[in-house]
Amino acid sequence: MKHRERIRSFLAGETQCILCNVPLPAHDNWPGKRVHTCQGLACVSDLDALADRLKSLAPGSVLVHPNSELCCGPKCGRFVDCGIYNSRSREFCCCSECWYRKDANPTATYVCVCGCGMTFRGNRSTSRRKGTAFFDFDHRAKYLLEMHITQCGDFGDIVRDYLGTFAAFHYRRPKSVEGSIFPFIKWCAENGLKNISDINPTTISKYLASCKQTGRKTPHYRISALATFFFWAIAEERYPHGNPVVNRIHAPRRSSTAPRPLSDGELALMWQLLGRKNDPRLLFAASIAEEAGLRIGEICNLRLDDVDASAQRVFVRLPNKSNKERYSLFGARTAEYFRRVHSARPENASHDHLLWDCLCGPMRIASLRRALRLALCKTYLNRAVNEVGFDRWSTHRLRHNMATSMRRGGATVATLMSVGGWQSMDAAGSYIEVTNDEHQREYEAAMERARKARSSEQRGDSAILTPMQLLERVTRTDEKEHCA
């Protein structure tokens with residue numbers, strides 16, 4: 001995004017003061033200052049008194065007092081307005097034009113350290129002062145990848161070929177496999193292995209044992225990534241033996257967790273806290289998660305055309321966990337919150353996502369998760385944000401509520417799998433909670449049916465007859481009719 005496009009302009013009365021809700025005059029927002037205050041006497045003089053409230057209103061912000069910070073814009077020298085600024089910004093600006101001149105017309109020249117030799121102009125920062133300046137995030141990712149490959153020693157070439165060819169098109173997120181491949185290859189290099197042919201099942205067992213001793217858990221859950229790596233090496237004729245990853249030996253024992261839907265009291269508390277916050281985005285996200293069972297990533301990925309409020313149906317598009325498109329249904333409450341979100345959506349949004357963040361961009365998973373935890377949890381990042389709330393919050397628990405409610409309402413397993421997007425009955429069953437009362441009721445009903453079946457068999461009037469019993473009964477009936 002260009003520097004000028006990062007500045008957002010608002011008309012008079014379009015936004016309100018975050019502290020006293022007074023309509024603000026026309027102003028601009030830039031990355032260093034995302035929210036504005038009205039500069040009224042109460043908001044200026046009582047900044048310290050409003051510090052605790054600010055933690056929940058604008059997380060990740062810092063208070064700037066009057067005449068305390070000079071504008072860092074080129075040839076400006078004015079004091080910045082008191083108010084709320086981004087805590088990650090170490091250099092404050094008094095207006096959007098100063099920020100634009102500072103960020104778009106820097107004076108320092110740097111050389112990208114990834115090895116490309118590219119020079120660029122930028123502002124001073126901690127990383128650049130330490131000599132690790134990168135042209136952009138892609139160059140930084142390239143530098144880190146080469147650094148990890150260098151630490152692999154003699155295995156560097158084969159790892160580079162694997163990540164650059166097979167992993168690039170096999171995995172939806174190729175970087176996710178690096179967290180399992182690099183630790184194993186580095187461990188092999190540190191333990192004196194020089195060739196991939198020296199790796200055997202004993203090597204895998206020793207590596208997993210060392211991971212458990214050091215407390216590293218990721219390889220235990222991603223042992224399949226190592227198996228796929230060796231399958232590729234065998235197919236490429238780079239590994240002369242069978243796959244050293246043996247599933248019956250090296251695969252971890254999976255522990256199944258019990259379903260954990262929110263109780264009625266917890267649901268009431270959730271809606272009470274969200275109603276107090278009165279953010280239509282959070283109300284819609286919680287409602288569609290409870291009624292349609294959408295994951296938090298699927299909620300952030302919704303577009304305006306994906307939700308049909310009249311038919312109460314939502315289209316879940318790719319990418320998602322099951323890698324399969326589906327339609328899900330919701331109730332009247334979600335339809336009402338969708339209308340509120342649609343009416344409150346900023347007109348200057350340059351995307352078609354349904355939800356938006358504080359910069360009017362698409363809502364990201366981390367942003368939505370943080371907003372929900374700030375509204376529902378007692379503490380956030382070890383800071384008290386609510387007097388009453390949850391100790392921990394997981395939006396995924398509302399998906400358990402959807403599955404449990406559908407099962408109790410008499411929905412078939414096939415319908416449940418279709419709505420929730422599960423690929424197997426075992427996966428869907430892990431979301432359905434069966435209470436002790438249901439256990440007791442169904443157990444007693446089954447035992448009563450079994451008792452009646454045994455009594456019927458003892459009387460000889462079983463509903464299920466053998467062929468000989470059926471023939472005898474027909475013969476007796478014919479004889480009675482003939483005598484009559």
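The values are calculated or read from the model by the stated rules, or taken from the named source; none is laboratory data. Here the structure is a predicted model, which is why all the values come from computation and not from measurement. Cβ atoms come from the backbone with ideal geometry, glycine included; neighbour counts cover every protein chain shown. Side chains are part of the model used for accessible areas, which takes the heavy atoms of the whole protein and leaves out ligands, DNA and RNA. Shrake-Rupley method; radii C 1.70, N 1.55, O 1.52, S 1.80 Å.
Details
- Residue in segment 427-440 that is modelled with pLDDT under 90 and farther than 29 Å from residue 291 by Cα present: no
- Breaking point among (1) at pLDDT 65 or above; (2) surrounded by 15 or more Cβ atoms within 10 Å (Cβ to Cβ); (3) in a loop (DSSP other than H, G, I, E, B), for residue 47: (1)
- Segment 354-363, residues that are touching a residue at least 60 places away in the same chain (Cβ under 8 Å), out of contact with any Leu (no Cβ under 9 Å at 6 or more places or on another chain) and part of a loop (DSSP other than H, G, I, E, B): 358, 359, 360
- Test: residue in segment 210-227 that is assigned to a loop (DSSP other than H, G, I, E, B), of a type outside the set (Phe, Trp, Tyr), at pLDDT 90 or above and in contact with a Ser or Thr (Cβ under 7 Å, 6 or more places away or on another chain): no
- Against the conditions (1) farther than 20 Å from residue 321 by Cβ; (2) of a type in the set (S, T, N, Q); (3) in contact with a Pro (Cβ under 8 Å, 6 or more places away or on another chain), residue 210 satisfies every one except (3).
- The set of residues from segment 201-260 being in contact (Cβ under 8 Å) with a residue 40 or more places away in the chain, farther than 23 Å from residue 169 by Cβ and open to solvent by less than 30 Å² (accessible area, probe 1.4 Å) comprises 203, 204, 208, 244, 250.
- Residue that is nearest to residue 283 (Cα to Cα) [pool: residues in segment 311-342 that are touching a residue at least 24 places away in the same chain (Cβ under 8 Å) and small (Gly, Ala, Ser)]: 335
- Exactly one residue out of 244, 174 is within 30 Å of residue 113 (Cα to Cα) and of a type outside the set (D, E, K, R): that is 174.
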